[in-house]
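Below is one structure, written out as structure tokens; comments come after it.
The values are calculated or read from the model by the stated rules, or taken from the named source; none is laboratory data. Computed from a prediction, not measured in an experiment: that's the story for all the values here. Using ideal geometry, Cβ is built from the backbone for each residue, glycine included, and neighbour counts are taken over all protein chains shown.
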Amino acid sequence: MGLKELLQLEDLVNESERFVLEELEQQLETAADACRTTECVLDMAAYALNKVPPRYRVNLLGRLFSSVPDADYQTAVQQAVSEAIRIVSKNPPRS
């Protein structure tokens, strides 16, 4: 039996996913030429998440601590998302 079956790993959350998805949604609203297919958006999110440090939490206190990113982290997320939109839109995935 593996750890997933033994422990409640759903409490292990990477808050970076939320930050990146929120930023991606905001930037896509104003990015006129951006690809918006499901595949493109998933690629953009994955690209950006690979560029920023993870922010894992395991409890409510961790959620409170990580709910507001510091200015440097927020800038890193914005830059990673902007780059992701540019790169993926220039080279969209082909089905």
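A quick yes/no check of all residues on (1) hydroxyl-bearing (Ser, Thr, Tyr); (2) farther than 27 Å from ASN59 by Cα; (3) in contact (Cβ under 8 Å) with a residue 24 or more places away in the chain:
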site	(1), (2), (3)
LEU7	no, no, no
LEU12	no, no, yes
GLU15	no, no, yes
GLU25	no, no, no
GLU29	no, yes, no
GLU39	no, yes, yes
MET44	no, yes, yes
ALA48	no, no, yes
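Could you list, in sequence order, all residues of region 38-89 that are among the β-branched types (Val, Ile, Thr) and modelled with pLDDT of 95 or more? Passing the criteria: THR38, VAL41, VAL52, THR75, VAL77, VAL81, ILE85, ILE87, VAL88. Applying the condition of being surrounded by 14 or more Cβ atoms within 10 Å (Cβ to Cβ) and in contact with a strand residue (DSSP E or B) (Cβ under 9 Å, 6 or more places away or on another chain) to region 1-30 and asking which residue is nearest to VAL77 (Cα to Cα) yields SER16.
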